[in-house]
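To keep things clear, I will list the structure first and then write my remarks on it.
The values are calculated or read from the model by the stated rules, or taken from the named source; none is laboratory data. These figures come from a predicted structure and were not determined experimentally. Note that each Cβ is placed from the backbone with ideal geometry, even for glycine, and that neighbours are counted across all protein chains shown. Ligands, DNA and RNA are stripped out before the accessible areas are found, and what is left, the full protein with its side chains, is counted by its heavy atoms. Shrake-Rupley method; radii C 1.70, N 1.55, O 1.52, S 1.80 Å.
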Amino acid sequence: MGVKIDFLSISNMDVNTKEEAILQLVNVLEKADYLADKSLFEQAILERERTLSTYIGHEIGLPHAQSNGVKEPCVVVGKLSKPVKWTTENEYVQIVFLIAVPEDNQNNLHLKVLSNLARLLMHEDFRMKLSELDDTATVALLNKSVKEDN
């Protein structure tokens, strides 16, 4: 059974910090009506990131949170115009996958999405494709790859 989650994509994000990137992606979710309470979700995602960095290598960050501030599960992909420092070890990120899942989701949805994304992102050809595609094509690729990867 495939994963039931929506994808959004935004390219050429001009940000200078990890927090700016995360907050800009939260704004995208709010504008697209995926959030019930923006500040509640912001608090959850930033707290999760402070607890443990979501840097996974290859200039990719996977911030994620389950929150009552989320109405509908969604992943928003942010492609940054320049890499930003993501960790205290000076690791930089250029593509951010912000995963938003309601607190009471079914069957650990966020873990399935995280797992599927992490598995796909291990492959250089998939990462290269992602970095080259426009937003519409990025969403199509993720819809095909993540949802059918179960």
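Brief remarks on what is shown
Every residue, every condition in (1) open to solvent by 10 Å² or more (accessible area, probe 1.4 Å); (2) within 17 Å of residue 102 (Cβ to Cβ), yes or no:
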position	(1), (2)
13	no, no
18	yes, no
24	yes, no
28	yes, no
31	yes, no
36	yes, yes
41	no, yes
59	yes, no
66	yes, yes
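- Pairs, first surrounded by 12 or more Cβ atoms within 10 Å (Cβ to Cβ) in the stretch 121-137, second among the β-branched types (Val, Ile, Thr), C-beta under 6 Å, six or more apart: 121/60
- Among the residues listed as 72, 49, the single one being open to solvent by 80 Å² or more (accessible area, probe 1.4 Å) and either acidic (Asp, Glu) or at pLDDT 95 or above (or both): 72
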